[in-house]
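The values are calculated or read from the model by the stated rules, or taken from the named source; none is laboratory data. Every value quoted in this text rests on a predicted model; they were computed, and no experiment measured them. Here the Cβ positions follow ideal geometry from the backbone for every residue, glycine too, while neighbour counts run over all protein chains shown. Surface areas here come from the heavy atoms of the whole protein model, side chains and all, with no ligands, DNA or RNA. Shrake-Rupley method; radii C 1.70, N 1.55, O 1.52, S 1.80 Å.
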Amino acid sequence: MNHKVIRILKELGLWKTFVIVMILRSPFDFLNSMLNANMLESFIRLTDQRDGDNLSRTFWIFLMFTLLLFAYNASVWATVAVKTDMMLHRRLRMKLLESMLSRTQQEMEEYSEGDWITRINNDVDKVADYLTAPINFMHSMIAVVNLVFSSVILIMLNPTLFGVSIFLMIPFFILSSIVIVRNIPKFRKNAQESFARYTNWTAPIVEAGDAITVFDGQDIVLDKMREESERIMRENVKAHRRTALSSAVTATSGMTGYILLLLIGNSMIGTKIKDFAELMKITQYRGHMMMGVMCVNSGINNMKTNLTGVVRVDEILNDNIK
């Protein structure tokens, strides 16, 4: 987690609450992975043995555990996570408003009206998104837990196939999560600053529309708005292209690794792998490893995007402390 996000959470008194929510939600993906892998192995093996009675009983057992797992996750989400997200929005906006009210007129004028509006609305939303929105920090941490424990089980089941998976996974991950996306925060920050300037140019139309008309200033204002709007679009398109390329690289890694795993694993059946059911169990754990990697990869991209809002909010809170 970025140190500025930690500082904001501590400033709001939500750091311990967020850690508790994260601990409560972290085992979900791994437990779901374990259920899926063992369920598939059991179903394939019982089907090969034509054991219909045990197949039916096994189905109901796995269904019960799956319902209990999802009920647990829904309970944590409904009782703790949603309330934490609401408190984060409310307290952070109150902190920013308190910062504004504690400033002198000269200090207020250090930032434009559009900049203040953007920080209180868009940037606060980005701070909350960084922490709790889908495929951001929270989901990335859950995916990391799943990735680590699924890797340990895969090592125990078949170290060779784990090595093949890691051999393909690491280079692609470095390429997609570090090399390709490194300029995304800069593009998003530029877009946010342009949006603030765009907001500045919309204010005169609302507040002094008649005066602008009298002095024939409509064209100037509209041209400035068009320039900022185009700049926002260009910067966002750059960021979207990098994100799409990163996702394509990750997907290519996943498909290539799956095909190799099946080819190599098929040659091991009867020796290092018991049967086809066990091979499918291995592919399930490897698949959940890749899901973890893809979630972390997407989470890093999204966190880099939302970090622009974190930086701008932290700037105001730090100025207030100083």
Taking GLY265, is it surrounded by 15 or more Cβ atoms within 10 Å (Cβ to Cβ), free of Cβ contacts under 8 Å to residues at least 60 places away in the same chain and touching a helix residue (DSSP H, G or I) at 6+ places or on another chain (Cβ under 6 Å)?
no
When MET1 is run through (1) in contact (Cβ under 8 Å) with a residue 60 or more places away in the chain; (2) open to solvent by less than 50 Å² (accessible area, probe 1.4 Å), the failure sits at (2)
Among the numbered conditions (1) surrounded by fewer than 19 Cβ atoms within 10 Å (Cβ to Cβ); (2) over 23 Å from the mean Cα position of the chain (by Cα); (3) over 21 Å from LEU168 (Cα atoms), tell me where ILE316 comes up short.
(1)
Does any residue in segment 17-45 that is farther than 21 Å from MET141 by Cα and open to solvent by less than 50 Å² (accessible area, probe 1.4 Å) come within less than 7 Å, Cβ to Cβ, of a residue that is of a type in the set (A, V, I, L, M) and in a helix (DSSP H, G or I) six or more places away or on a different chain, and which pairs are these?
GLU41/ALA277; GLU41/MET280; ILE44/ALA277; ILE44/MET280
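Identify, please: which residue in segment 122-134 is of a type in the set (A, V, I, L, M) and assigned to a helix (DSSP H, G or I) and is, among those, surrounded by the fewest Cβ atoms within 10 Å (Cβ to Cβ)?
As a first pass, look at segment 122-134 and keep what is of a type in the set (A, V, I, L, M): 124, 127-128, 131, 133.
Of the ones still in play, those that are also assigned to a helix (DSSP H, G or I) are 124, 127-128, 131.
Details: VAL124: 21, VAL127: 25, ALA128: 19, LEU131: 23.
The selected residue is ALA128.
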Which number in (1) touching an Asp or Glu at 6+ places or on another chain (Cβ under 9 Å); (2) of a type in the set (Val, Ile, Thr); (3) under 30 Å from TYR130 (Cβ atoms) marks the one condition that ILE20 misses?
(1)
Considering only segment 5-31, state which residues are farther than 21 Å from VAL313 by Cα and aromatic (Phe, Trp, Tyr).
PHE28, PHE30
State all residues of segment 69-83 that are surrounded by 11 or more Cβ atoms within 10 Å (Cβ to Cβ), more than 20 Å from ALA133 (Cβ to Cβ) and either of a type in the set (Val, Ile, Thr) or out of contact with any helix residue (DSSP H, G or I) (no Cβ under 7 Å at 6 or more places or on another chain) (or both); if no residue qualifies, say none.
PHE70, TYR72, SER75
Could you run through segment 156-180 and say how many residues are under 20 Å from GLY299 (Cα atoms), assigned to a helix (DSSP H, G or I), among the hydrophobic types (A, V, I, L, M, F, W, C) and open to solvent by less than 20 Å² (accessible area, probe 1.4 Å)?
1
When the residues of segment 225-246 are filtered to those that are in contact with a helix residue (DSSP H, G or I) (Cβ under 7 Å, 6 or more places away or on another chain), open to solvent by 20 Å² or more (accessible area, probe 1.4 Å) and under 26 Å from LEU168 (Cβ atoms), which remaining residue is modelled with the highest pLDDT?
ARG242
Check ARG119, ARG93 and return the single one that is of a type in the set (D, E, K, R), surrounded by 11 or more Cβ atoms within 10 Å (Cβ to Cβ) and in contact (Cβ under 8 Å) with a residue 60 or more places away in the chain.
ARG119
